[in-house]
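Every number here is computed from the coordinates shown, using simple stated rules; none is lab data. Everything quoted here is computed from the prediction, not taken from an experiment. For neighbour counting, all protein chains shown are included, and Cβ atoms are generated from backbone atoms with ideal geometry for every residue, glycine included.
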Amino acid sequence: MYYIDGDGSIIIPKSVRPIIDYRETCLGDKKGAKRQFRHGNLHIREYDNHYTIHRDKIDPRTDPFAHLLVDAPEYLIAILSSISVGRQIGKAVYKRREAEGEDQRAALCDAARTAFITGSAAGAIFYISSNLMKKIKRSL
């Protein structure tokens, strides 16, 4: 049996520790887990037959922004790219619709819809690519 998963977390069978009595949390990527817990800098995920545990450098409950910067930069990159791309595309669509003589409210609605769709797509692409780079770096 392997005791380290693909993300570098320690795997602990439930037969070793059947109950985790720490406070359950919604902070963090569940990665298919039934529940997750935090105790200080420990991030614990509960699966059917085992737990995985890793140590974050910064506890997201005490400093969420620093946690994003240090422990989960893929989320911060996705958020910032979503905002940036969506804003730029939305502005361009709005200006084009306005120049075409479209009603201001309709132009704004079209720009907002386009900004949301393109921003979401950009965020997903940047999240996937930065998460992939993080995994490649970890395997080196």
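Worth a mention:
- Taken over the Cα atoms of segment 72-139, the convex hull encloses 56 Å³ per residue.
- Projected over every direction and averaged, the convex hull enclosing the alpha-carbon atoms of the chain yields 11.0 nm².
- 222 nm mean residue ellipticity, helices alone, for the chain (DSSP H n ≥ 4; -39,500 (n - 2.57); rounded to 500): -17500 deg cm²/dmol
- Hull volume per residue, based on the alpha-carbon atoms of segment 10-55 and their convex hull, is 69 Å³.
- Relative contact order (%) - criterion: Cα under 8 Å, at least six apart; region: the chain: 17
- 3J(HN,Hα) from dihedral phi, segment 126-135, Karplus parametrisation 6.51/-1.76/1.60, rounded to Hz, x for glycine, proline: 5, 5, 4, 5, 6, 5, 5, 5, 4, 5
- Angle between the chain longest axis and helix 73-99 axis [Cα atoms, degrees, rounded to 10]: 10
- Mean Cα-pair separation over length for segment 72-139, i.e. relative contact order, pairs under 8 Å, 6 or more apart, %: 50
- When only the Cβ of Lys, Arg, Asp and Glu is charged (+1, +1, -1, -1), the dipole of segment 10-55 relative to its Cα centre reaches about 60 debye.
- Among HIS50, HIS39, HIS67, a tally of other beta-carbon atoms within 10 Å of each Cβ gives an order, fewest to most, of HIS39, HIS50, HIS67.
- Here is the list for segment 29-130: GluC sites (Glu not before Pro) lying in DSSP coil, each with at most 16 other C-beta atoms within 10 angstrom of its C-beta, are GLU100, GLU102.
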